[in-house]
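Visitor: Handing you this structure, nothing more for now.
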């Protein structure tokens, strides 16, 4: 896994997730099962985490863990891998050397679990008879049969489990759901690189009595964790604050990108003593990864685009839609104009991209949430396709210019007052419907935005247009009860009714103040919420390396790798 080294550094974050999973396994021993779904975009570190958990569980005499990669080349290969993984897990749980090939594995297992091996032979007979549905049903029941026969609980680990949907039977997840209902001794621990698709499966197919999945969203590193990765992996490098923010802004803390860029920066040999990194040196690392087909990040992105060819004979409309979004066209009409296609056709294209987790839909906005992929599409992929001579140097020159502009924009934003950045966001509103934290609301067009007198701790702002009035308080310091009280007193001085009351809590809010605000129906935007809105309007995020500012006091204790945990 590309992100392996980066993930290893943050064992404390991963350990928090690990502890949660260990609790689920302990509960299974006590007769209560809670399945687990670990979801996140490719390269975040899910597979590495799953493999690490498998090694941890291997050798525990009361458990049979088995690990399966669901994406297999053929049906026969999938069946054999499932059976082989299950029996290998059995041998490892008993500290027995695992036989090297499938036939010897099956033969050795016959002396330990004769009922299970009899089921396997029957399954193989069904495959020869091309009775695929019956064969898959038998396959899914093997864990239960083995658990009953060995009196042990089974931990069934499936990497990229959404690929089960490709099995050559009508509804694989319906069969799996039925088995989950009766198999109370198997805990399902699955991963998926298609979060949207995975959550649909959890909700629509596997939301069963005693079979619900606890979903953990594995997300990129936080701002401060990204800085820690840089400093720990490149100890001799002295990055300026702007350079660190540039790395955060471009990679968004994605472990795979960081790993590859750090590899570029440390090549050929890292400095033995402290070295102030020239900005051009930093930009050159990005250029090598993004400008050429040899660049590993560029290859990852090329592979991502190749997936569009699976959607239709001609995948170019899907790629063009991605290009449109990379150019800041986030709404259906603007994207349709870019594609020169009808609205209905454009909606179908976008719907497929959303289903495949290549695009996110946030209210009426369609967005590419990966900033480096967005940048590559606009400044590398499109430029290369419009270059009619094999002039790689010209492409690199243009890419360097675009990277430099991004860096300079960070410089300009750093000099801006926070109130000006809030005002800049509100001025972008055009009666849009947006979605933040799975909550939709309308952002009206404001004809007037006025700042009111301030006490130095909070900065009141009134935005109005016609009958619509928003009252906002920008709090650059941690919010306490007195701040909420001052907010409510300020509201009482306003003559006209306010439709939306908002506190922007850039450095978090204490619990009592939060309860007061919720009781007064004040909407709270922490730094993560505010940055999500800035991103929708292609405005630079506010980047800070203070953990409390990044997540707010109300965030989960699982850190950056699992900021959203809920049950489907």
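Visitor: Please sort 112-120, 80-88 by packing, taking for each peptide the average over its residues of neighbouring beta carbons within 10 angstrom, highest first.
Guide: 80-88, 112-120
Visitor: Could you work out how far apart the two model spin labels at residue 18 and residue 62 are, taking each label as a point 7 Å from the Cα in the direction of the beta carbon, and quote it in nm?
Guide: 2.0
Visitor: Can you give the Rg to Rh ratio for the range 4-217, taking only C-alpha atoms and Rh from Kirkwood?
Guide: Details: Rg = 16.5 Å, Rh = 17.5 Å.
Expressed as Rg/Rh, it is 0.94.
Visitor: Based on DSSP H runs of at least 4 residues, each adding -39500 (n - 2.57), what is the mean residue ellipticity at 222 nm of the chain after dividing by all its residues, to the nearest 500 deg cm²/dmol?
Guide: -15500 deg cm²/dmol
Visitor: Same structure, new question: Taking the 0 to 90 degree range and rounding to the nearest ten, how far is the long axis of helix 223-233 tilted relative to the main principal axis of the chain, both from C-alpha atoms?
Guide: 70
Visitor: Here's a follow-up. Let me check I have the definition right: for the range 65-185, take the eigenvalues of the Cα gyration tensor, multiply each by 5, take square roots. What are those semi-axes in whole Å, largest first?
Guide: 21, 16, 14
Visitor: What's the ranking of 492-503, 191-202, 274-285 by average number of surrounding C-beta atoms within 10 Å, highest first?
Guide: Descending packing order for the listed peptides: 191-202, 274-285, 492-503.
Visitor: Can I ask one more? Rank-order 101-110, 326-335, 356-365, 470-479 by packing density, defined as the average count of other C-beta atoms within 10 Å over each peptide's residues, highest first. Each step should come with its number before you reach the end.
Guide: Details: 101-110: 14.3, 326-335: 17.1, 356-365: 19.1, 470-479: 21.5.
Per-residue Cβ counts within 10 Å, averaged per peptide and sorted highest first, yield 470-479, 356-365, 326-335, 101-110.
Visitor: Which distance in Å, rounded to a whole number, links the C-alpha centroids of the range 66-90 and the range 353-387?
Guide: The range 66-90 and the range 353-387 have Cα centres separated by 35 Å.
Visitor: Going by Cα centres, the range 261-300 and the range 147-175 are how many Å apart?
Guide: 42
Visitor: If you don't mind, there's one more thing I want to ask. For residue 405 and residue 465 in the same chain, what is the full-extension length gain: residue separation times 0.36 nm, less their Cα-Cα distance, in nm?
Guide: Numbers: separation 60, 0.36 × 60 = 21.60 nm, distance 3.44 nm.
Length gained between residue 405 and residue 465: 18.2 nm.
Visitor: Quick check of the Kirkwood formula: for the range 215-262, what is the inverse mean of 1/r over all pairs of different Cα atoms, in Å?
Guide: 11.0
Visitor: Something else about it: In degrees, nearest 10, range 0 to 90: what is the angle between the Cα axis of helix 316-326 and the longest Cα principal axis of the chain?
Guide: 40
Visitor: So, R0 is 51 Å and r is the distance between the beta-carbons of residue 97 and residue 279; what FRET efficiency does that work out to, to 0.05?
Guide: Efficiency at R0 = 51 Å is approximately 0.40.
Visitor: Compute from the Cα atoms of the range 221-415 the Rg and the Dmax, the latter being the longest Cα-Cα distance, and quote both in angstrom.
Guide: 18.0, 60
Visitor: For the range 230-332, place one equal point scatterer on every Cα, skip the solvent, and apply the Debye formula. What is log10 of I(q)/I(0) at q = 0.16 Å⁻¹?
Guide: -0.80
Visitor: Sticking with this structure for a sec: Bin width 10 Å, alpha-carbon pairs only: give the P(r) of the range 418-558 as whole percents, running from 0 to the bin holding the largest distance.
Guide: Values per bin, smallest distances first: 11, 44, 38, 6, 0.
Visitor: Could you work out how far helix 255-265 tilts from the main Cα principal axis of the chain, as a 0 to 90 degree angle to the nearest 10?
Guide: It works out to around 70 degrees.
Visitor: How much length would be gained if the chain were fully extended between residue 441 and residue 345, taking 0.36 nm per residue of separation minus their Cα-Cα distance, in nm to one decimal? Present the calculation step by step, with values, prior to reporting the outcome.
Guide: Numbers: separation 96, 0.36 × 96 = 34.56 nm, distance 2.63 nm.
Answer, rounded to one decimal: 31.9 nm.
Visitor: Right, something else. Run the paramagnetic zone check for residue 112: 7 angstrom along Cα to Cβ, then residues of the range 121-154 with backbone nitrogen under 18 Å.
Guide: From the range 121-154, the list is 121, 142-154.
Visitor: Using all C-alpha to C-alpha distances in the range 147-255, build P(r) with 10 Å bins and read off the rounded percent in each one.
Guide: Histogram of Cα-Cα distances, whole percents per bin: 12, 31, 20, 17, 15, 5, 0.
Visitor: Next up: Taking the Cβ-Cβ separation of residue 448 and residue 386 as r and a Förster radius of 30 Å, what is the calculated FRET efficiency to the nearest 0.05?
Guide: That pair, residue 448 with residue 386, gives E of 0.10.
Visitor: Using a ≥ b ≥ c from the Cα gyration tensor of the range 378-431 (square roots of the eigenvalues), is it rounded, prolate or oblate, where a/c under 1.5 gives rounded and otherwise the larger of a/b and b/c decides, a/b for prolate?
Guide: Cα axes put the range 378-431 in the oblate bin.
Visitor: Then there's this: Counting only DSSP beta bridges with both residues in the chain, what percent are antiparallel, rounded to the nearest 5?
Guide: Approximately 40 percent, going by the DSSP bridge assignments.
Visitor: The list (i) 24.2; (ii) 25.4; (iii) 26.4 gives values of Kirkwood radius over Cα pairs in Å, and only one came from this structure; which label was calculated from it?
Guide: Of the listed options (i) 24.2; (ii) 25.4; (iii) 26.4, (iii) comes from this structure.
Visitor: While we're on this one: Indicate, rounded to the nearest 5 percent, the antiparallel portion of the DSSP beta bridges found entirely in the range 418-558.
Guide: 60
Visitor: On a C-alpha basis, how far is the centre of the range 475-491 from the centre of the range 391-425 in Å? Whole number, if you could?
Guide: Taking the Cα centre of each part, the range 475-491 and the range 391-425 sit 34 Å apart.
Where a number appears in this text, it was derived from the coordinates with a stated rule and is not lab data. Just so it is clear, the structure is predicted and the values come from calculations on it, not from any experiment. All Cβ positions, glycine included, derive from the backbone under ideal geometry; neighbour counts span all protein chains shown.
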